[in-house]
Amino acid sequence: MKIILLGPPGAGKGTQAKSISEKYCIPHISTGDIFRKNISEKTSLGVKAKEYMDKGLLVPDELTIDLVKDRLSKEDCKNGFLLDGFPRTVKQAEALDLFLKSNDEVIDTALLIEVPRELILERMTGRRVCQLCGASYHVKFNPPKNEGICDKCQSNLVQRKDDNEKTVKDRLDVYDNQTQPLIEYYKSRNVLSTVDGTLAIDKVFEDISSILGER
């Protein structure tokens, strides 16, 4: 089973990806993990990627595509995979389709976890983490017993820089601009499926399993 996972930051993709990977025995592959592994192992592709990243530049599409193709050629992807964070553009999606076609394979499902922008903002801007032990909280959905204080070690809770309102809005704008054409791309190929990401985690996974069971 070959799955593309789509959804805005804060939609719960990481949680669902872990469950999908375990249930269907396929690797969860994120571009971030691919970059880190190749850079740490100093592969030829990793060295090239690091040159761009060290300069604060985006890794070009061609190099990102080569890194993903290399990862999908590994033995553990023989029975399928779950791609998270790739493709990000229609160009990358087309390159992925060409690569799979060369092996007589296709994407089975592009799975979109939908969550309204307002709820994403509430979820992400309300997150707090412990400075000392790293425990996670939310001011509304999972508050500590004492405001601003970690239940586990009594240290102060802070809001990460990435979780401030402006940064979250900027990330959502980038996601919207990049992903809408991608959603249309997979919809036109009749492989797009959507789930309601506002539901309870178990219910979202139940809905995902129903979709994947039909493929």
Inset, instruction - Identify the residue in region 47-62 that is in contact (Cβ under 8 Å) with a residue 12 or more places away in the chain and more than 19 Å from the chain's Cα centre (by Cα) and, among all such residues, is nearest to K91 (Cα to Cα). - result: A49
Inset, instruction - For region 156-167, indicate whether the set of residues that are at pLDDT 95 or above and among the aliphatic types (A, V, I, L, M) is non-empty. - result: yes
Inset, instruction - Scan region 188-200 for residues that are outside any loop (DSSP other than H, G, I, E, B) and either in contact with a helix residue (DSSP H, G or I) (Cβ under 6 Å, 6 or more places away or on another chain) or free of Cβ contacts under 8 Å to residues at least 12 places away in the same chain (or both) and jot them down. - result: S188, L192, S193, V195
Inset, instruction - Any chance you could count how many residues in region 22-36 are in contact with a Leu (Cβ under 6 Å, 6 or more places away or on another chain) and not in a strand (DSSP E or B)? - result: 2
Inset, instruction - Among what's in region 69-91 and is touching a Ser or Thr at 6+ places or on another chain (Cβ under 7 Å) and not in a strand (DSSP E or B), pick the residue that is nearest to R171 (Cα to Cα). - result: G85
Inset, instruction - Return a yes/no flag: does region 157-180 have any residue that is in contact with a strand residue (DSSP E or B) (Cβ under 8 Å, 6 or more places away or on another chain), over 18 Å from P9 (Cβ atoms) and not β-branched (V, I, T). - result: yes
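The values are calculated or read from the model by the stated rules, or taken from the named source; none is laboratory data. Values in this document were obtained by computation on a predicted structure and should not be read as measured data. Note that we place each Cβ from the backbone using ideal geometry, even for glycine, and neighbour counts take in every protein chain shown.
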